[in-house]
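Here's the structure, in structure tokens; my notes come after.
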Amino acid sequence: MPDDALENESHVPLLPFGETLRPLISSSSLSDTDLKFVLQKRGIFVGDSSKKNTIPKLVSILPGPREFDILKNRQSDKESSIKTSDAKTTWASNRTIVQAIPDEVDDVARELLDEDSPIQLKDCSVQNVSNNEVVINCTIKRQDWTKDVFSQTTHHECKLTIKKEPNSDIVIYHTETTAPETKSFMTELQTVIHNHFRQQEIYQKHPDTKGFCSPFCRKQISF
């Protein structure tokens with residue numbers, strides 16, 4: 001075999017297979033339908049499309065690059081789709097949101113993630129749209145094979161908008177998230193900012209929608 005062929009062959013990445021594939025697929029965002037579709041591509045048709053039935057079958061075969069491309073694309077589509085959530089609270093202060101928000105939001109955001117965490121804050125920017133509307137854009141970098149079988153490093157966008165309605169004492173927290181980790185991160189950032197406002201005696205009431213969650217109910221968050 002020519003030397004260049006050996007060199008190219010040595011750089012072919014090894015795909016997970018067998019039992020090493022089971023926890024990776026189980027922890028992904030892929031649906032029952034996604035896994036059933038891949039099996040059909042291999043000529044395997046199942047009546048029960050639940051993961052407890054399809055995952056053992058995927059483990060028993062050797063998925064090739066084509067099957068992984070299908071799963072990778074479907075996983076990417078799910079994690080790039082935007083999910084929104086709103087929460088409302090009462091603002092009882094003459095201060096504007098711009099005046100009341102923490103001075104260094106990016107530092108506050110970074111402190112939410114441990115240094116050895118598989119997710120890190122890549123970017124964070126704050127835009128003052130008006131005196132009473134602030135938009136915080138963040139990008140999360142994720143490095144975790146147990147969460148994503150298809151890529152060691154991925155980047156995911158998320159956004160938090162805090163806006164006080166004109167001629168009203170109602171403030172709306174509007175979040176836009178993608179991957180599950182961005183939802184958890186945005187919930188924590190929203191909680192920290194909310195508590196910061198309360199410490200300034202702005203006297204916000206608890207938000208009246210389930211889109212807001214305090215640190216004491218984080219375990220109830222569903223992705």
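Can you work out the Karplus-derived ³J(HN,Hα) for every residue in the range 90-99? Use 6.51 cos²θ - 1.76 cosθ + 1.60 with θ = phi - 60°, whole Hz, and x for glycine or proline.
9, 9, 10, 8, 7, 6, 7, 5, 4, 6
Provide the gained length on full extension for the span Gln99 to Ser117, in nm with one decimal, where the gain is 0.36 nm per separating residue minus the Cα-Cα distance. Please report the intermediate quantities before stating the final value.
Values: separation 18, 0.36 × 18 = 6.48 nm, distance 3.19 nm.
Answer, rounded to one decimal: 3.3 nm.
Ser168 to Asn131: extension gain in nm, 0.36 nm per residue of separation minus the Cα-Cα distance? Mind dumping the intermediate values first?
Details: separation 37, 0.36 × 37 = 13.32 nm, distance 1.40 nm.
Stretched out fully, the Ser168 to Asn131 stretch lengthens by 11.9 nm.
In nm, to one decimal, how far is the Thr84 label point from the His196 one, both placed 7 Å along Cα→Cβ?
Here the answer is 2.4 nm between the modelled labels.
Are any of the pairs Lys83/Lys163; Lys36/Lys83; Lys52/Lys159 more than 28 Å apart by Cα-Cα distance, and if so, which?
Values: Lys83/Lys163 18 Å; Lys36/Lys83 25 Å; Lys52/Lys159 35 Å.
Exceeds cut-off: Lys52/Lys159.
Each value in this text was obtained by applying a stated rule to the coordinates, not by laboratory testing. Note that the structure is predicted; figures quoted are calculated from it, not measured. So basically every Cβ, Gly included, is an ideal-geometry build from the backbone, and we count neighbours across all protein chains shown.
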